[in-house]
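Visitor: Got a structure for you, questions after.
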Amino acid sequence: MNVGPVIESARLARGLSRRALARTLRVHLAQITRWETGETTPNAGILPALCGALHLTYDDLLGPTRRDAGEWT
């Protein structure tokens, strides 16, 4: 799962620089760059703040999930 393009697109749509998003989330600027380039993904602990800052739902960021035949997809 590569959420980098979603983060970058939402950040730009909100008119935020990487630095401003990093400041809002209280993470290092390099962390935002790593997420957006797909080098790393945000951990679960930052997701609420990240989604809030970018005005995204979890489904917007991670893609919808559904229960199908007893398995999560």
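The values are calculated or read from the model by the stated rules, or taken from the named source; none is laboratory data. Predicted model only: the values in this text are computed from it and were never measured. We place every Cβ from the backbone using ideal geometry, glycine too, and count neighbours over all the protein chains shown.
Visitor: Every residue in the stretch 1-39 that is surrounded by 11 or more Cβ atoms within 10 Å (Cβ to Cβ), more than 11 Å from the chain's Cα centre (by Cα) and outside any helix (DSSP H, G or I), please.
Guide: Listed by number, the residues that qualify are R14, L16, S17, V27, E39.
Visitor: Which condition number in (1) at pLDDT 95 or above; (2) hydrophobic (A, V, I, L, M, F, W, C); (3) surrounded by fewer than 11 Cβ atoms within 10 Å (Cβ to Cβ) is the one that A44 fails?
Guide: The one condition A44 does not meet is (1).
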